[in-house]
1. Counting alpha carbon pairs within less than 8 Å and at least 6 residues apart, what relative contact order, in whole percent, applies to segment 87-226?
2. Taking loop as defined by DSSP and a crowding limit of 12 other beta carbons within 10 Å, which trypsin sites (Lys or Arg not before Pro) in segment 163-253 fit?
3. Filter the cross-link list LYS65/LYS96; LYS16/LYS166; LYS16/LYS158 down to pairs whose alpha-carbon distance in this structure exceeds 32 Å.
4. Nearest 0.05, what FRET efficiency do ARG123 and VAL35 give at R0 = 35 Å with Cβ-Cβ as r?
5. Using DSSP to define loop residues, name the GluC sites (Glu not before Pro) in segment 61-101 whose beta-carbon has at most 16 other beta-carbon atoms within 10 Å.
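Please treat every number below as a calculation from the coordinates, not as lab data. Computed from a predicted structure; not experimentally measured. All Cβ positions, even for glycine, are placed from backbone atoms using ideal geometry, and neighbour counts span all protein chains on display.
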Amino acid sequence: MELEGDSQVDVLLERKSCSEEALKSCSPFGVGRVVSSHPKDLASPNRGHVLVRIAGSEGSEIAVKKTDCIPIPDDLDVHLAIWIPALAFALWIWEKLSLELGEVAVYSGGTFLSELVGQVALRRGGCPVIRLGNHVSEDLHPGIETLSLQDPELAVEKLKQRIAGKTGFAAVDLSGLPEIIDLILEALPRWGRVMLLGFESRPVTIDFYKNVHYKGAVILSGVFDPSLVFAQDPELVAQLPRAIRILRSVPAGQNLLASLGCYS
């Protein structure tokens, strides 16, 4: 389905992201079916499904600009389509960090979206993929290692040992916790890349010369907000077709989300 121009379309919402525990920390969006166009004398629109950014208080039928809609393939289930923005953002993270096959990929736990980021790193070829966090059942995430943070000094040493001899290193923090950021930077090898995307940021003291400048580290920052796909950032929008292809691929898309416990 193609949507062009600045005219509006009426969309009947069928699913909202704010109903998902995993997505409630970002601006809400939804999946809906196009039911009519404005002005009324326009030709009848293609009545396909679209992703739209919404206000949390809006009802089931909304009017939006065509340019604010992301068309969804007819053969993609709306239960899968609602995950397009989050998956696109997870793909963008590792693309931005230039994760290559065989490099170490580290991510922090603490949110449900963390696990999506980990699964994408695994499918991109991260080896090993390491989750920083506590009280996680390894059975839920086959192929992903868990590094306990109960003893921070021991965790740093274990991470350094796991990194030793690897071709590269990329890490993303989704927690915003100073102790996790400090751990990542302490263990960071030369030329490592780190992205800070914590939902809540807190002050953190960094030995900049030792852990950033001397190591030649690349430090990126932002906020994990899947609704940013509607802001038309070229790098992020470029991941939308990839996210759609993954979710359209049966059973690959279903298996990806089933591994997170959000599709059955």
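1. Averaging sequence separation for qualifying contacts and normalising by length gives 23 percent for segment 87-226.
2. Those that pass, being in a loop and sparsely packed, are ARG190.
3. Check vs 32 Å cut-off fails for LYS16/LYS166; LYS16/LYS158.
4. E between ARG123 and VAL35, to the nearest 0.05, is 0.45.
5. GLU100
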